[in-house]
Each structure stands twice: as structure tokens, then as C-alpha cells.
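What follows draws every value from the coordinates through simple rules; no lab data is involved. In this text, all values refer to a predicted model and were calculated from it rather than measured experimentally. Cβ sites come from the backbone with ideal geometry, for glycine too, and all protein chains shown count toward neighbours.
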Number of protein chains: 2
Amino acid sequence: MESTYSTGKRDFGTAILDRSDRIDHLVSLVGKQLENSWDAEGAHLARICHYALVPGGKLFRPLLLLESAGAVGADVEQVVPAAAGAEAGHVASLIHDDIIDGDAMRRGRPSVHAAYGRDDAIVAGDALIFYLFAALGECGQRGVPDERVARAMTAVAAAGIDLCRGQSMEAELCEGYVCDVPSYLEMIRLKTSALFRAACASGAILGGGPPEWCTALAGYGELLGSAFQIHDDLLAYTSDGDAMGKAVTSDIANQRLTLPFLLARELGGEAVSAELDRQLRGTGDPAARLAAVSALVREAGGVEAAADAARGYAVRATEVLDVLPGTPSKETLSYFAQATVNRCG
Amino acid sequence: MESTYSTGKRDFGTAILDRSDRIDHLVSLVGKQLENSWDAEGAHLARICHYALVPGGKLFRPLLLLESAGAVGADVEQVVPAAAGAEAGHVASLIHDDIIDGDAMRRGRPSVHAAYGRDDAIVAGDALIFYLFAALGECGQRGVPDERVARAMTAVAAAGIDLCRGQSMEAELCEGYVCDVPSYLEMIRLKTSALFRAACASGAILGGGPPEWCTALAGYGELLGSAFQIHDDLLAYTSDGDAMGKAVTSDIANQRLTLPFLLARELGGEAVSAELDRQLRGTGDPAARLAAVSALVREAGGVEAAADAARGYAVRATEVLDVLPGTPSKETLSYFAQATVNRCG
């Protein structure tokens, strides 16, 4: 299992080597947990869930959960099931999103609905949401006190509702084409940042962190999530890769509004704004419209302004960690904040 | 809000009148909780969830949860949020099921996907699953110890996975058309009985019942669920109502196998079995095929045998309650077991 966040080994010194090794170790723990949770040779549903989860993606949310537990001084092995659950909850939303967006590819393979059909994909997504909570419960069997499990589950449930509110809000924004920057920022706070917040908060809560640390890590997660989502939006304008190209075409096809676009509309004046709307609403070849939108957004300064916004969130994410004692986990979380706005995919 | 289980007032004596009044009270508590959880005038998602939940159905699962809490001596008001959550979890599965089955009507109104579209229906179902756990967490704020909340959430999460396994298994059975009675009984145990079990178990756990009582109530819920589902299947053969007719046509259209059908295949011999398969697999008018299937199943004794099976489950459900002390809640649970196999809709 490969992690984008574990490739620094060759580039940095000893401290980074340690971090990279620990991250690899954590990724492998979560990967094993995911593999063992759903039998690839088992019943139909188990096979679908296995397909969806293995091989995993970057496992970024599980890593956030584990390092948040580590940052409050906990034994991270106790909370590995919760970390696997965080990935499952994320993947559940991807499975259902891919149905909604009609995306046939995910992580370089057919998406779940493309491989197994819409009906099985709906049910598999539901199963992974339930598994998220079952996995939190499993931490209780590993010695995490029930009181923490209940609080973590409650935080995750609230985040899940936020996620759905964000998805619904995004659909509304795209359909109505009424979207300004504050609405967009609220939408990504719900759609993306909520699960980041939940991962960090549940790691801190399960790890037994005092309230002040739990609040700080929840805040870190939420800010990091916004930095992450804005940077993701930016990749459409800064990456030429085939995989990204596909994702961006989907954004254009689904008339999904992103921050560089919205900022370009604000910065570029009425003529640019009208032309951007015309391209987004157009019915021509998505690739050609994407090229036109991309050039307009870049010229109007939308890319630069969005990159500033992402960096701002990342800096604030790091700052709220100040209340925590210095630990390798805290250092890694700071590193994640930087890496999130510097990654290329 | 109307309850099928609160209509006995005119027919029985004083004890029943008390029960009927208490059930009406409980139904109104849950109804209020559901109404207040999602703002009918709020954001798009809240409006959809409100539409899906209000006016409610029979609220049978919430009543099971509340009476299970009552049967272990708890203050039922503390667990009203969990009861609302049980309904939300059930409705979530209905919303997603209606997409899968292509059913445009539910409870006499357009189903959620018919009213709001597939995409919103997927997201609303997800939101209600998360709300189920948020609602369990809310019981903690009403004074239920966190330790019980964690255990209840874990039981509900396991049941939710079972539900999905049952849905997946049902799809497999219909597609492959390889189905015998034991497979069917396992399928309904997962698809239907699991949420009944979870409602009763979580009521008992949240209510602080000792392990023996919690186990008994979980067992009661599971047996009751199977009685309920088999009786539901039977209604296709014993009810002439328009509403039922619609549901049965959907069953036929989706080639859904039910116990009377499967028992008729076993009891009727090869010729009947072949003719039943021919009708189910046919492409003619569903209503005509339904009439043919119905006559064959009845003649072969499938209806009678399935009714016996449902009554058997109901009797066993009542028997496992023996370990509990005599209370009005226990009496009501016994009544539910009888009513479940005697209801007409």
C-alpha cells in the first residue's frame, strides 16, 4: 500500500526518515484492518466492500485519526479500528458520489457502481457507513473506555450529517447557479472539512485527550479539510495529468463550482464573469470548455487567490496545534498541513 | 399521527385502554422528536428528511425500543431520541430500497426519489443513517450513561451491517433464482429482523437492563421481525387492498421471492414449482401473473404453511420474554407479537 505522505524519505534528514517510517507503519496497520474486515472471497456484499476499500487510497483520514490520538499521548494501536472506519466512511461517500456524478472511474479502476451496478453500490455505501460506527465500537474491545467511544461516535455522527448537508448544498449551488465565495466556503466546510474534523476529534477523544486538546485537534482537522479541498480544486488548474483531467471534466460536466472559478468571477469584473458562466453552462465539448475556463480563471487571478486561501487555512491549522505538547505526532500533523497545499495530486 | 397499534381502544377492556393510551402517548413523543429534528422550512436536505419522516408510519420500531426500555424499568422519556433514530434508520433503508426497486409510491405519497430525484434521495438516506447514531448520542445528554450509549450504538451498527447484508442477499437470491426456505429465512433475519433486534436491544441497553434481560429482548426483537416479515409477505395473498396490490406488483416485477411462494414450490411438487417459476419469470402483465401465482400458491398450501411459520415465530418471541418481570411494557410487547401476525396491513 502506497502513501503520498510517505515519500519524503529520500529528500529529508533523520527526523523525516523517522516520520516516514512511522507513517508507513500506520498505513500498514490500517490497510490490514481494512483487508480483514471484509472477506474478498465472502458474500457478495463483503466482496464489494473489499473491492471499494482495498487497495486503499492515501489513507489520509486514518492517518489524521491515528496521529491525533498520538498527539494526546495515546497508544495508537488501540484506535486502529476507528482509523479504518474513518476510511470506510470516506469511501462510502465516494461510492455514493460516483453514482450521483456518473463517474465511472475511481482511483484508476472502475468505480463501484461501474463495476457492480447502481443498486449494489447504494447498499455497499450504506454498509460502510454502518461499519464506520461498528469500527468505533471495536475500539471498546481494545480497551478504550466506553465513555470515549460514545463521545467519538457522537462527534462522527454529527460530522456525517454535516457531510450530507454539504453534498446537498453543493447540488443546490450547482443547480441554482447562485454561489458566492462565503457559500462555497461553508459548503466545503460541511462536505469535506467535517470528516477531517471528525477523524482528528475522534482520534483525540478515543485517545483520552483533555477537552482543550480535543477542541484544538478538531479545529485543526476542520481547517486542514478546507485547505485540502481548495487545493484539490486548484489541481484542475495546475495539473496536466490524465487522471486529473478526467476529474476536471467531471467537474465541468456537473457544473461544479470551485474556488478559483468563483474568485475569478469576483476579481475579473463583469465581462470575465459573464464569459465564465457562459462556458460553464455551455453544452460543447467539456475538454474545450475546460481549456477556456482554465485560461480565463488564471488570467483573472483566481488561481493565485485560491492558492493564497488554501495556504491561509493550512497556516491556521498549524497554529491551533500550539496548545499541544511537542511530539512526533504533532510534528507530523504540522507536516500534513504543509504537504496538503504542496501536493501535486 | 395514527398508529395501527393504538386502535384497540374500542374493542377491549380497561387494561387494553391503558395500553392504548400509553402507546398513543409514546407515538406522540416520537412524532414530536422527529418533527423537531429536521426543519420543514430549513435547508434542502432538512426539508427532504422532514418529508421522509413526517407524517410517520406506524412507528413500530420506536415503540419496540421504548417498550423494551420500559420492560427493564427505565424512564422511557430519556430514550425518545433513540426511538426517533430507530425510525430514521428504518426510513433510510426504505428511501434507498425505493430507488433500487423503482417504487414511486410510499405510504400513499410519492417516494423520496420520486418527489426529489435519485441524487437527493441517496444523500437523504445517508443523512438519516448518521442521524440514527446522532440520536443515540443525544440520549447521553438526557442522562443515559455513556457506557450504555456506546453499547447501544455498537449493537445498532452491527444490525445496520446485517441489514445491508440482507438486502444484498435478497438481490442475489432474486437474480440467481436459487432460493430455498433456509436461505430465505436467513435473508429476512438479516434484512428485517436485525433492525427489530437492534430497536429492542438498544432500548434494553439504554434503559440499563441486566445482560439476561437485554439478551431476551434482543431475541424477542429478532423473532418478532421474522414473524413481521413473513406476515408482510402473506398480505400479498390475503389482502385485496389497492395499496397492497401495488406493493405486490412491485414484488412480482422485481422477482422478489417470499415464503408462501417458496413453501408452495416445496409442497406443490414439480409441476406446480415449474409453473410458479414460469409465472415469476414471465414478462406479461404483472397483475395477471400475480393472480396466477396467488392461486397456485394458495392451492399448494403455501399460504397456510407460511401463516403457521409466522405464528410460530410470534409464539417464540413471546416465550423469550418469560425471564422479564411482569410489567405493562412486557404485556404490550406480548400483544405486539400477537398483533403482528393478525394485522391486515
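So the values come out like this:
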| quantity | calculated |
| --- | --- |
| Shielding by other protein chains, B:92-99, mean Cβ within 10 Å | 2 |
| Computed lengthening from A:Asp308 to A:Asp285, 0.36 nm per intervening residue step minus Cα-Cα distance | 5.2 nm |
| Three-way shape label, the protein assembly as shown, alpha-carbon gyration tensor, a/c 1.5 | prolate |
| Principal axis dimensions, the range A:4-342 - Cα atoms, whole angstrom, descending | 61, 47, 38 |
| Taking chain A and dividing mean pair separation by its residue count, relative contact order in percent (alpha carbons under 8 Å, at least six apart) | 17 |
| Principal-axis tilt of helix B:242-253 within chain B, Cα atoms, nearest 10 degrees | 60 |
| Candidates B:Gly137, B:Gly117, B:Gly268, ranked by Gaussian network fluctuation over chain B, Cα under 10 Å, top entry | B:Gly117 |
| Theoretical FRET efficiency, 1/(1+(r/R0)^6), r = Cβ-Cβ of B:Ala271 and B:Cys174, R0 22 Å, to 0.05 | 0.45 |
| Added length on full extension, which subtracts the Cα-Cα distance from 0.36 nm per residue, A:Arg107 to A:Tyr51 | 19.0 nm |
| Sparse-neighbour loop sites [chymotrypsin sites (Phe, Trp or Tyr not before Pro); the range B:155-218; at most 13 other C-beta within 10 Å; DSSP] | B:Tyr177 |
| Whichever aspartates and glutamates have a C-alpha closer than 18 Å to that of B:Lys330, once near sequence neighbours (fewer than 8 apart) are set aside | B:Asp18, B:Asp21, B:Asp24, B:Glu67, B:Asp75, B:Glu77, B:Glu212, B:Glu222, B:Glu319, B:Asp322 |
| Simple label model, 7 Å out from Cα along Cβ direction - A:Thr215 to B:Ala43, nm | 2.3 |
| Cβ-vector label at 7 Å, B:Val323, separations to other copies in nm | 4.5 |
| Note, ³J(HN,Hα) from phi for the range B:154-159, Karplus 6.51, -1.76, 1.60, rounded to Hz, x at Gly and Pro | 5, 5, 5, 4, 4, 5 |
| In degrees, nearest ten, helix A:60-71 long axis to first principal axis of chain A (Cα) | 40 |
| For A:111-124, mean number of other protein chain Cβ atoms within 10 Å | 3 |
| Positive-end residue, chain B charge dipole about Cα centroid, Cβ charges, pick of B:Trp213, B:Gly326, B:Val91 | B:Gly326 |
| Selected from B:Ile161, B:Ala310, B:Ala171, residue furthest toward positive end of dipole (chain B; charges at beta carbon) | B:Ala310 |
| A:Asp21 paired with A:Glu77, simple spin-label distance in nm, labels 7 Å along Cα-to-beta-carbon | 1.7 |
| Efficiency of FRET between B:Val323 and B:Ala115 - r from beta-carbon atoms, R0 45 angstrom, step 0.05 | 0.50 |
| The range B:305-345 and the range A:278-293: distance between their alpha carbon centers, rounded to Å | 63 |
| Taking the range B:60-130 and dividing mean pair separation by its residue count, relative contact order in percent (alpha carbons under 8 Å, at least six apart) | 28 |
| Mean-position separation - Cα centroids, the range B:41-62 and the range A:162-206, in angstrom | 22 |
